[in-house]
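Here is the structure we will look at, set down as structure tokens.
Derivation of every value follows stated rules applied to the coordinates shown; laboratory data play no part. Note that the coordinates shown come from a computational prediction; the quantities given were computed from them, not determined experimentally. A quick note on method: Cβ atoms are made from the backbone with ideal geometry, for glycine too, and the neighbour counts reach across all protein chains shown.
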Amino acid sequence: MVNPQVAGTAEILRATQKDEEYMRYLRNLIGDITQRCLGIPFYLRWKDFSATFSDALFFSLTTLSGLQTLGEEYTNIIQVDRSLQSIPSKWARFTDIGLRTFGYYFLLRLQTSLENELSSISTAESDDEEDPCITYLKNYLPIIFKAITVLQRIHLIIFYLNGSYNNISKRLIGIKYLVIRRWLVRPEHQKPYKILGWLAVSQLLLSLAINMYNVKTKVSSTPAVQKENNSSGKEVATSQNQCSLCFEKRNSSTATPCGHLFCWSCITSWMQNKEECPLCREAFPPSKLIFLQNYY
């Protein structure tokens, strides 16, 4: 292949959006079949896995089979390896699909499992001295998952600026896109995305600065709060009033359309990267968040 034309941000995003339309249709179709055949309670229990399975099925019928996805056909792009000379191997495509579809699912399940386990242990040991290991996990586990969220945002920024890899799995494996019909590429369409990338950089830096300030404020006020709680016997964070994102007692409780409760600052920070519930993955826009007044 002579002078291959690497696909830019505009072409990759249009392909991703078109694929998402068909993937959403397939999710709804499989979800409807599951409800009719196995019942609504079963579907509600396995809703996340059903969506993940439908995504894996979509990519298995297209990418894994050596075919273009519908979005790739729409924008005339094709997947290639790092050399830009051949399509990725079947093992590379299989790994990409596995990480892309099941990676986030298992990460979310792990987070939920750890949160529930720590919450139950904290409740059982509320009257005794807490294990230092449990305290360490409660303090640093939220930081780890927030760091993963920040890495996702950094990856998105790099994609807007360079336009090579639209998801982390492709960056790890080295799968890129080439434009089949080079004359359809318009370089001027890439400039708005670079501006968007720099705006995302500014937003990320501002968000990190605000989070660092909040952590500093929280640390400085912790001794006074602990003293007040010890003297007045106030309720500590339990499974009923604990935020599932920061593992602390909810501050400014906010409800999602699916009924889960989080801190206002935690859920709004989460929604900047993923417009879905952190626990059940129900998609909704940030405007659907409900701030609860006088609720603790």
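Remarks
- Filtered trypsin sites (Lys or Arg not before Pro), segment 24-118: DSSP coil and at most 13 other beta carbons within 10 Å: ARG82
- Count Lys and Arg as plus one, Asp and Glu as minus one, and take only other residues whose Cβ is under 10 Å from that of ASP48; the net charge is then +3.
- Dipole check for segment 1-120: with +1 at the C-beta of Lys and Arg, -1 at the C-beta of Asp and Glu, and the Cα centre as origin, the magnitude is about 200 Debye.
- Length added when fully stretched, PHE42-LEU99, from 0.36 nm per residue minus Cα-Cα: 18.0 nm
- When each of SER164, SER83 is scored by the number of other beta-carbon atoms lying within 10 Å, the sequence from fewest to most is SER83, SER164.
- Computed from backbone phi, the HN-Hα couplings of segment 48-64 come to 4, 5, 4, 5, 5, 5, 5, 5, 5, 5, 4, 6, 5, 6, 10, 4, 5 Hz, rounded to whole numbers (Karplus: 6.51 cos²θ - 1.76 cosθ + 1.60, θ = phi - 60°; Gly and Pro given as x).
- Among TYR104, TYR213, a tally of other beta-carbon atoms within 10 Å of each Cβ gives an order, fewest to most, of TYR213, TYR104.
- Sequence of TYR105, TYR22 once ranked by neighbouring C-beta atoms within 10 Å, starting from the fewest: TYR22, TYR105
- Relative contact order of the chain, taken over Cα pairs closer than 8 Å and 6 or more residues apart, is 20 percent.
- Degrees between helix 9-38 axis and first principal axis of the chain (Cα, 0 to 90, nearest 10): 60
- Local electrostatic count at TYR22 - Lys and Arg +1, Asp and Glu -1, tallied over other residues with Cβ under 15 Å: -2
- Structure-based [θ]222 nm, the chain - -39500 (n - 2.57) summed over DSSP H runs of at least 4, per residue, nearest 500: -20000 deg cm²/dmol
- Pairs over the 22 Å Cα-Cα cut-off, from the set LYS90/LYS176; LYS47/LYS90; LYS18/LYS176; LYS90/LYS194: LYS47/LYS90; LYS90/LYS194.
- Extension gain (nm, one decimal) between TYR213 and ASN294, 0.36 nm per residue minus Cα-Cα: 26.6 nm
- Its Cα centre serving as origin, the chain has a Cβ charge dipole (Lys and Arg +1, Asp and Glu -1) of approximately 1180 debye.
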